[in-house]
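**Q** Have a look at this one before I ask anything.
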Amino acid sequence: MAAPEASMSLANADTPVSVLAALRRRPLFLICVGIVAAFALLALVVPFLPVDPAVLNPLRRLRAPSMLEPFGTDHVGRSVLARTLWGTQISLGVGLAVAALTTLAGVSIGLLAGYIRALDMVLMRVMDAVMAVPAILLAIALVALIGAGPVVIVVAISMPEIPRMARTVRAGVLVLRELAFVEAATICGGRLSTILLRHILPSVAGPVLVQATYVFAAAMILEAILSFLGAGTPPDVASWGNMMAEGRQYLEIAPWILVFPAIALTILVLAINVIGDELRDMLDPESAR
Amino acid sequence: MLGYVAVRLLSAIPVLGIVAVFVFFLLTMIPGDPAQVIAGDFASPEQVQQIRAALQLDRPLAERFVAWALRLASGDFGKSLFSGIPVAQLVGQRIEPTLMLATMTVCIAVAIAVPLGLVAAYKPGGWVARASMTVAVLGFSLPVFIVAYLLVYPFALGLRWFPVQGYVPLSQGLWACLHSLTLPALALSLLYIALIARVTRAAVLEVLREDYVRTAHAKGLAERRVLVRHVLRNAAVPVVTVVGIGFAALLGGVVVTETIFSIPGLGRLTADSILRRDYPVVQALILLFSTVYVVVNLGVDLIYAAIDPRIRY
């Protein structure tokens, strides 16, 4: 969805000591890293926990949260707790895959467009066109037409995020290509790939990291929205979006079906967005203030 | 000025052209026989054949594209596969609710976000600053449908101030129409508020350090006058820019919001058509949404000159 655009600054890497000092001054950052780590750990261990997201228990349908079922049960008697725990895997998995794909594609396009003048016009016009199609629309159209497999979902969510990443990288490259060290590398006869990957890429890594964090968060929201609209993860999969879509029909009598995945999603996305903001402020003290 | 408008209009053409090509080739991305997929699992062979004929799938790709583009240029968007109604007519019927919803959302978002961002920058440590930055990060972290339920639960189910869903057309009175759109517009505006407030704050912080602000203060202007005339006006360009860029997110949000609140607008039509694989309608809607986005951003470019007299085209 609409991830904020990472601001462009090419701050130098700090020494390890000052990084530690900076971290100590940012408790919020550490708290949020802790939250995300906890979710990630849950996603990893959930297959080994005695929770099954698919076990139906028609006798215990729509039960309110209790000692036995802390999150209650849904309309076919499945444990909302078990499904929420398993949903962590889907959300984090989609977020991670989308962030990786967006970074790979966006960085490649941004590097090429920024450095090779001839490609700039073409690539950036295509990026403009992709940006002109609303993200949700583009994603549901792709998923609905091609079919809801994991790969299609990840590609569909990545597509609208790629232009922003490409623009962030391109903006950095346009500044860097005029700098002496890049010029020196070119004069020394450095190969194009060496110049782009060895000399330019490390300097845009900061903004790319920040942007990737925002994409991570936005991807999880978009995945939930897709499932919610019925164009996402197949309905039998315990994803948070699917749970909320099902819970929607029982909102008045069994709000817990929708509430618990909603809370989980909100906390996780919030934590990741805060990490993004904090990273941006750390990497770019100018914009922090 | 006119020359600039012409250049900008021309530069919008390749972008929309690429969108059109993309929209066309969406159909070719369908694995297998598109006619069969569009018709669904329960279609008779005749129905499949009908769709194949309607989409001219038996013709070569290039020929189809040229024919399609020519028809598009003459304003013929084809007929809905689902209802047989011409797409233009179908879309025309649905414009009003979406136009009202989008307008109301933009108004709410600007009215809330700009003052919020302004005060957040002006009093950095204050509670408004903290509240507005919390709203900003929440806006990016809450899916629009969760925001919708957070509003529906207390204000529609609890207090019953607003309807849970539905739309009252403009013909039944402006007030009734706006009343029926209040919750959807509020839900939709949160992300927009977050975007605008964030940029307003950053832009105002930038301007506050300028010499002319100090001069304005020094010559004894009232605080309010300095903020509105000197600070806000100079910070307006990035703010207006983000209003334009955020329009894509708004149009996407419309699809979700209209579905949740059962508003018979373009967003609802989009979601329904995609799920029904009503291909001509989807094509037309994606093109329409993209055109609106491009035109809004063109308008934003032209507003620059009105805000900032230094910008000359």
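The values are calculated or read from the model by the stated rules, or taken from the named source; none is laboratory data. Source: prediction; values computed, not measured. So basically every Cβ, Gly included, is an ideal-geometry build from the backbone, and we count neighbours across all protein chains shown.
**Q** Does A:A156 satisfy the criteria of being within 30 Å of B:I146 (Cβ to Cβ), within 16 Å of the chain's Cα centre (by Cα) and among the aliphatic types (A, V, I, L, M)? So that I can check it myself, show each step before the final result.
**A** Numbers: within 30 Å of B:I146 (Cβ to Cβ): yes; within 16 Å of the chain's Cα centre (by Cα): yes; among the aliphatic types (A, V, I, L, M): yes.
Taking the combined requirement at face value, the residue satisfies it.
**Q** Filter region B:1-20 down to the residues that are more than 7 Å from every other protein chain (Cβ to nearest Cβ), without any contact (Cβ under 8 Å) to a residue 60 or more places away in the chain and surrounded by 12 or more Cβ atoms within 10 Å (Cβ to Cβ) and list them by number.
**A** Taking region B:1-20 first, the residues more than 7 Å from every other protein chain (Cβ to nearest Cβ) are B:1-13, B:16-17, B:20.
So of that shortlist, the ones also without any contact (Cβ under 8 Å) to a residue 60 or more places away in the chain come out as B:2, B:6-7, B:10-11, B:13, B:17.
Listed by number, the residues that qualify are B:S11, B:G17.
**Q** Can you confirm whether B:T103 is within 14 Å of chain A (Cβ to nearest Cβ) and outside any loop (DSSP other than H, G, I, E, B)? Can you show your working first?
**A** Numbers: within 14 Å of chain A (Cβ to nearest Cβ): no; outside any loop (DSSP other than H, G, I, E, B): yes.
Considered against the rule, which asks whether it is within 14 Å of chain A (Cβ to nearest Cβ) and outside any loop (DSSP other than H, G, I, E, B), B:T103 comes out as no.
**Q** Follow-up question, since we're still on this one. Let me spell it out: the conditions are (1) within 12 Å of another protein chain (Cβ to nearest Cβ); (2) surrounded by fewer than 17 Cβ atoms within 10 Å (Cβ to Cβ); (3) farther than 26 Å from B:G166 by Cα, and B:K219 meets all of them except one. Which number is the exception?
**A** In the conditions (1) within 12 Å of another protein chain (Cβ to nearest Cβ); (2) surrounded by fewer than 17 Cβ atoms within 10 Å (Cβ to Cβ); (3) farther than 26 Å from B:G166 by Cα, B:K219 misses (1) alone.
**Q** Any residue in region B:50-57 that is exposed (fewer than 10 other Cβ atoms within 10 Å of the Cβ), polar (S, T, N, Q) and either modelled with pLDDT of 80 or more or within 33 Å of the chain's Cα centre (by Cα) (or both)? Lay out the reasoning, then the answer.
**A** Let us first name the residues in region B:50-57 that are exposed (fewer than 10 other Cβ atoms within 10 Å of the Cβ), namely none.
For region B:50-57, residues exposed (fewer than 10 other Cβ atoms within 10 Å of the Cβ), polar (S, T, N, Q) and either modelled with pLDDT of 80 or more or within 33 Å of the chain's Cα centre (by Cα) (or both): absent.
**Q** Suppose we filter B:P163, B:P115, B:P86 for residues that are in contact with a strand residue (DSSP E or B) (Cβ under 8 Å, 6 or more places away or on another chain) and either among the acidic types (D, E) or surrounded by 14 or more Cβ atoms within 10 Å (Cβ to Cβ) (or both); which single one remains?
**A** Working: B:P163 fails: in contact with a strand residue (DSSP E or B) (Cβ under 8 Å, 6 or more places away or on another chain); B:P115 fails: in contact with a strand residue (DSSP E or B) (Cβ under 8 Å, 6 or more places away or on another chain).
Exactly one of B:P163, B:P115, B:P86 is in contact with a strand residue (DSSP E or B) (Cβ under 8 Å, 6 or more places away or on another chain) and either among the acidic types (D, E) or surrounded by 14 or more Cβ atoms within 10 Å (Cβ to Cβ) (or both), namely B:P86.
**Q** Sticking with this one: So which residues in region B:89-112 are surrounded by 17 or more Cβ atoms within 10 Å (Cβ to Cβ), among the β-branched types (V, I, T) and under 15 Å from the mean Cα position of the chain (by Cα), if there are any at all?
**A** Here is the first cut: in region B:89-112, the residues surrounded by 17 or more Cβ atoms within 10 Å (Cβ to Cβ) are B:90-91, B:94, B:96-98, B:100-102, B:104-106, B:108-110, B:112.
Now narrow it down to the ones that are among the β-branched types (V, I, T): B:91, B:98, B:105-106, B:108, B:110, B:112.
B:T98, B:T105, B:V106, B:I108, B:V110 - these are the residues of region B:89-112 that are surrounded by 17 or more Cβ atoms within 10 Å (Cβ to Cβ), among the β-branched types (V, I, T) and under 15 Å from the mean Cα position of the chain (by Cα).
**Q** Name the single residue that is farthest from A:V126 (Cα to Cα) among those in region B:273-305 being more than 10 Å from chain A (Cβ to nearest Cβ) and among the charged types (D, E, K, R).
**A** Once the filter is applied, the top-ranked residue is B:D278.
**Q** For the list (1) in contact with a helix residue (DSSP H, G or I) (Cβ under 9 Å, 6 or more places away or on another chain); (2) within 14 Å of chain A (Cβ to nearest Cβ); (3) surrounded by fewer than 18 Cβ atoms within 10 Å (Cβ to Cβ), I need the number of the one condition that B:L157 fails.
**A** (1) is the only condition that B:L157 fails.
**Q** Turning to a different aspect of this structure: Given the conditions (1) more than 10 Å from every other protein chain (Cβ to nearest Cβ); (2) buried (at least 23 other Cβ atoms within 10 Å of the Cβ), which single one is not true for B:S262?
**A** (2)
**Q** Give just the number: which of (1) touching a Leu at 6+ places or on another chain (Cβ under 8 Å); (2) loosely packed, with under 13 Cβ neighbours inside 10 Å does B:L27 not satisfy?
**A** Result: B:L27 passes all but (2).
**Q** Follow-up question, since we're still on this one. In region A:1-57, what residues are modelled with pLDDT under 80, surrounded by 13 or more Cβ atoms within 10 Å (Cβ to Cβ) and under 27 Å from A:E161 (Cβ atoms)?
**A** Scanning region A:1-57 gives A:M1, A:A2, A:A3, A:P4, A:E5, A:A6, A:S7, A:M8, A:S9, A:L10, A:A11.
**Q** While we're looking at this one, here's another question. Can you give me the ranges of the helices (runs of 4 or more DSSP H) entirely in region A:114-205 with at least 1 residues that are surrounded by fewer than 16 Cβ atoms within 10 Å (Cβ to Cβ) and within 10 Å of chain B (Cβ to nearest Cβ)?
**A** Details: elements: A:117-132, A:135-146, A:150-158, A:162-176, A:180-187.
So the answer is A:117-132.
**Q** Is there a residue being more than 32 Å from the chain's Cα centre (by Cα) and assigned to a helix (DSSP H, G or I) anywhere in region B:34-44? Let's see the steps before the verdict.
**A** Let us first name the residues in region B:34-44 that are more than 32 Å from the chain's Cα centre (by Cα), namely B:36, B:41-44.
Now drop any that are not assigned to a helix (DSSP H, G or I), which leaves B:36.
Taking every residue of region B:34-44 in turn, at least one turns out to be more than 32 Å from the chain's Cα centre (by Cα) and assigned to a helix (DSSP H, G or I).
**Q** Looking only at region A:239-289, count how many residues are closer than 30 Å to A:F29 by Cα, within 8 Å of chain B (Cβ to nearest Cβ) and not β-branched (V, I, T).
**A** Residues flagged as closer than 30 Å to A:F29 by Cα, within 8 Å of chain B (Cβ to nearest Cβ) and not β-branched (V, I, T) within region A:239-289 amount to 9.
**Q** Select from region A:56-74 the residues that are assigned to a loop (DSSP other than H, G, I, E, B), on the phi < 0 side of the Ramachandran plot and more than 30 Å from the chain's Cα centre (by Cα) and list them in ascending order. Write out each step before concluding.
**A** Quick first cut of region A:56-74, residues assigned to a loop (DSSP other than H, G, I, E, B) only: A:56-57, A:61-72, A:74.
When the remaining residues are screened for being on the phi < 0 side of the Ramachandran plot, the result is A:56-57, A:61, A:63-71, A:74.
Matches in region A:56-74: A:L56, A:N57, A:R61, A:R63, A:A64, A:P65, A:S66, A:M67, A:L68, A:E69.
**Q** Also: How many residues are within 17 Å of A:L268 (Cα to Cα) and either exposed (fewer than 13 other Cβ atoms within 10 Å of the Cβ) or in contact with a Ser or Thr (Cβ under 6 Å, 6 or more places away or on another chain) (or both) when one looks only at region B:122-140?
**A** Residues in region B:122-140 being within 17 Å of A:L268 (Cα to Cα) and either exposed (fewer than 13 other Cβ atoms within 10 Å of the Cβ) or in contact with a Ser or Thr (Cβ under 6 Å, 6 or more places away or on another chain) (or both): 1 in total.
**Q** Out of (1) surrounded by 20 or more Cβ atoms within 10 Å (Cβ to Cβ); (2) outside any helix (DSSP H, G or I); (3) not aromatic (F, W, Y), what's the single condition that is false for A:V210?
**A** Status for A:V210: all satisfied but (2).
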